[in-house]
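**Q** Mind having a look at this structure? Questions to follow.
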Amino acid sequence: MTLLKVEGLLKSFGGVTAIADLDFEVPEGVVYSIIGPNGAGKTTLFNMLSGIYIPDEGSISLNGKDMVGLSPHKIARSGVARTFQNLQIFFNMSVLENVLVGCHLRIKENLISTALRLPMAVREEAKAKQWAIDALNFCGLGEYISSPSDALSYGVLKRMEIARALAMKPSIIMMDEPAAGLNDTETAEMLSLIRRISESGITVLLVEHNMNLVMQVSDRVLVLDYGSRLAEGSTEEIQNNPQVIAAYLGTDTNDGVIGTKTGGSHYAV
Ligand SMILES: Nc1ncnc2c1ncn2[C@@H]1O[C@H](COP(=O)(O)OP(=O)(O)O)[C@@H](O)[C@H]1O
Ligand SMILES: [Mg+2]
């Protein structure tokens, strides 16, 4: 069954077309990766899917429901969670507090009942706390629940952001470069976390430059080229696609990371 359907999507900034007439469909339950060099439009696409940018043209539907024009808040409430390419963390708060920020999008809150500490508000707060703790444990961060966020390693912070997204109990999670800046051990932990998220029934939309990770974890891959679709298919189809090989997986790019090393293509940065 199709969970997310994008048709004729277009977004430009001044003279730059970041996403150009893009179509793709994400089946429910898969890990769906979007790859392409820096500037291909991946983050812009996530910003449209999460309601931060409004597309110039085209449609986005989730479970058959049109999402274009809904606020980021409404989209989050309908089950779409995301993490950011650059960490969005409140360093003056604890790990648990950072994750609770995610839950507050999802629980039933009302200023008056919260201020008066009515039983419903107290119940909802306890529920939010439990969801946050569950999400942190799920991400292997149980030991950091009360830690201040400013004392943690980058790998832990990246997983904390994922915990915050999971605490919203999403049906789909979008991750923008979750392995960027991670060392090999942290990358392996990230790979296993993405697998566990997928096994728990959440559809995963992944933007990632680390091709080893992408090819190990994905069910399907969309290759973006200047905002358009260059190829789409299973990991095997993508790895054997001559156009993709010429553009990205170039023969001398053997560190498994695109966009950071010359691969004999004009896409290297
Ligand atoms: N807010 C913005 N204003 C102007 N140009 C933007 C903005 N966001 C993205 N772009 C441009 O859109 C293109 C795609 O960028 P982006 O979506 O960040 O690519 P990626 O995430 O694939 O590296 C780039 O040329 C970028 O400079
Ligand atoms: Mg980006």
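**Q** Assuming R0 = 41 Å, can you tell me the calculated FRET efficiency for the pair Asn240 and Ser78, based on Cβ-Cβ distance, to the nearest 0.05? Walk me through the intermediate numbers first.
**A** Values: r = 37 Å, r/R0 = 0.89.
For R0 = 41 Å, the calculated efficiency reads 0.65.
**Q** For Glu25 and Val122, FRET efficiency with R0 = 51 Å and r from the beta-carbon atoms, rounded to 0.05? Show your work: numbers first, answer last.
**A** Numbers: r = 43 Å, r/R0 = 0.84.
Rounded to the nearest 0.05, the efficiency is 0.75.
**Q** Pop out the ³J(HN,Hα) list for the stretch 83-93 in order, Karplus 6.51 cos²θ - 1.76 cosθ + 1.60 with θ = phi - 60°, rounded to Hz; leave Gly and Pro as x.
**A** Karplus values, whole Hz, x for Gly and Pro: 10, 10, 4, 9, 3, 10, 10, 8, 6, 8, 10.
**Q** Counting Lys +1, Arg +1, Asp -1, Glu -1, what net charge surrounds Glu25 among other residues with beta carbon under 10 Å of its beta carbon?
**A** Working: positive: Lys5, Arg220; negative: Glu7, Asp23, Glu232.
In short, -1.
**Q** Where does the charge balance sit around Gly233 when Lys and Arg score +1, Asp and Glu -1, over other residues with C-beta under 12 Å from its C-beta?
**A** Values: positive: Arg220, Arg229; negative: Asp219, Glu232, Glu236, Glu237.
Once all neighbours under 12 Å are counted, the net charge is -2.
**Q** Here's something else I'd like to know. Given a Förster distance of 25 Å, report the FRET efficiency between Arg195 and Leu87 from their Cβ-Cβ distance, rounded to the nearest 0.05.
**A** 0.65
**Q** Sticking with this one: For the chain, how big is the tail of P(r) above 24 Å, as a whole percent of Cα pairs?
**A** On the way: 18000 of 36046 pairs.
Cα-Cα pairs in the chain separated by more than 24 Å: 50 percent.
**Q** Sum -39500 (n - 2.57) across every DSSP H segment of at least 4 residues in the chain, then divide by the residue count to get the 222 nm mean residue ellipticity, nearest 500.
**A** Details: 10 runs with 95 residues, N = 269.
Calculated mean residue ellipticity at 222 nm is -10000 deg cm²/dmol.
**Q** Treating the angle as unsigned and between 0 and 90°, give the value, to the nearest 10°, between the Cα long axis of helix 184-199 and the longest Cα principal axis of the chain.
**A** Roughly 70 degrees, rounded to the nearest 10.
**Q** What's the exposure ranking of Phe13, Phe46, Phe138, going from fewest to most Cβ atoms within 10 Å?
**A** Ranked by crowding around the Cβ, least crowded first: Phe13, Phe138, Phe46.
**Q** Amide H neighbours of Leu205 under 5 Å, at least 5 residues apart or on other chains, H built in the peptide plane: list them.
**A** For Leu205, whose amide H was placed from the backbone, the distant partners under 5 Å are Tyr32, Ile173, Met174, Met175.
**Q** Same structure, new question: In whole Hz, with x marking every Gly and Pro, tabulate ³J(HN,Hα) for the stretch 53-66 from phi via Karplus 6.51 cos²θ - 1.76 cosθ + 1.60, θ = phi - 60°.
**A** Ordered by residue, 3J(HN,Hα) equals 10, 9, x, 6, 8, x, 10, 10, 10, 10, 6, x, 9, 5 Hz.
Bear in mind these aren't lab numbers, they're just calculated from the coordinates by the rules spelled out. Fair warning: this is a prediction, and the values are worked out from it, not measured in the lab. Here Cβ is always computed from backbone atoms with ideal geometry, including for glycine, and neighbour counts include all displayed protein chains.
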